[in-house]
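Worksheet for the structure shown next.
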Amino acid sequence: MLSHWFLDVIVQIPDLPLTPFGDFKVGMGLWNYKMITILLESIIFFGGVYIYAKSTKAITAQGTWGLWIMTGFFVLTNAYNLFGPPPEDNIMVLFVVLQVIVLGLAWWVDGNRRVFEQISH
């Protein structure tokens, strides 16, 4: 997604292509400052969770605890990515498995929540 590219350009070293057709690459290199990166990404992540939780309402118990299970999974996965060992050669298998888990969790949680509509008086 284009919006993700704009977030990536802030943190990545200059290795993001500006266009799919050129060799010019950009990146501000915030990853070089680990604590600032962790703080900024945490603010964005927990801000998104807050907005989602306030904008939607659980229609089942799964919608309530599923959101927190998914949030916990994301926090643990990110902590492992930050502080765990580097990935091994089978990174593509791990990537596909994690994507299936993430998409499955998101589908499950979102299927048990609805957009909260405020009633105006």
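Placing +1 at every Lys and Arg Cβ and -1 at every Asp and Glu Cβ, with all other atoms neutral, what dipole size does region 4-121 have around its Cα centre, in debye to the nearest 20?
Approximately 500 debye in magnitude.
Using a 1.4 Å probe on the protein heavy atoms, what percent of the accessible area of the chain belongs to carbon and sulfur?
71 percent
Which value in deg cm²/dmol, rounded to the nearest 500, describes the helix-derived mean residue ellipticity at 222 nm for the chain, given -39,500 (n - 2.57) per DSSP H run of n ≥ 4 and division by the residue count?
After summing the helix terms and dividing by the residues of the chain, the value is -21500 deg cm²/dmol.
Out of [x] 14.1; [y] 14.6; [z] 17.0, which label holds the value of Kirkwood radius over Cα pairs in Å that was computed here?
[z]
If you bin every alpha carbon distance in region 32-92 into 10 Å steps from zero, what whole percent lands in each bin?
In order of increasing distance, the bins hold 18, 40, 28, 13, 1 percent.
Between G48, V102, Y33, whose Cα lies farthest towards the positive end of the dipole of the chain when Lys and Arg beta carbons carry +1 and Asp and Glu beta carbons carry -1, centred on the Cα centre?
Positive-end residue among those listed: G48.
Work out the FRET efficiency for D8 and V93 from their Cβ-Cβ distance, taking R0 = 25 Å, and round it to the nearest 0.05.
0.60
The values are calculated or read from the model by the stated rules, or taken from the named source; none is laboratory data. Note that the structure is predicted; figures quoted are calculated from it, not measured. Cβ coordinates were reconstructed from backbone atoms using ideal geometry, including for glycine residues, and neighbour counts include every protein chain displayed. Each accessible area value is taken on the protein alone, full model and side chains, heavy atoms only, with ligands, DNA and RNA left out. Shrake-Rupley method; radii C 1.70, N 1.55, O 1.52, S 1.80 Å.
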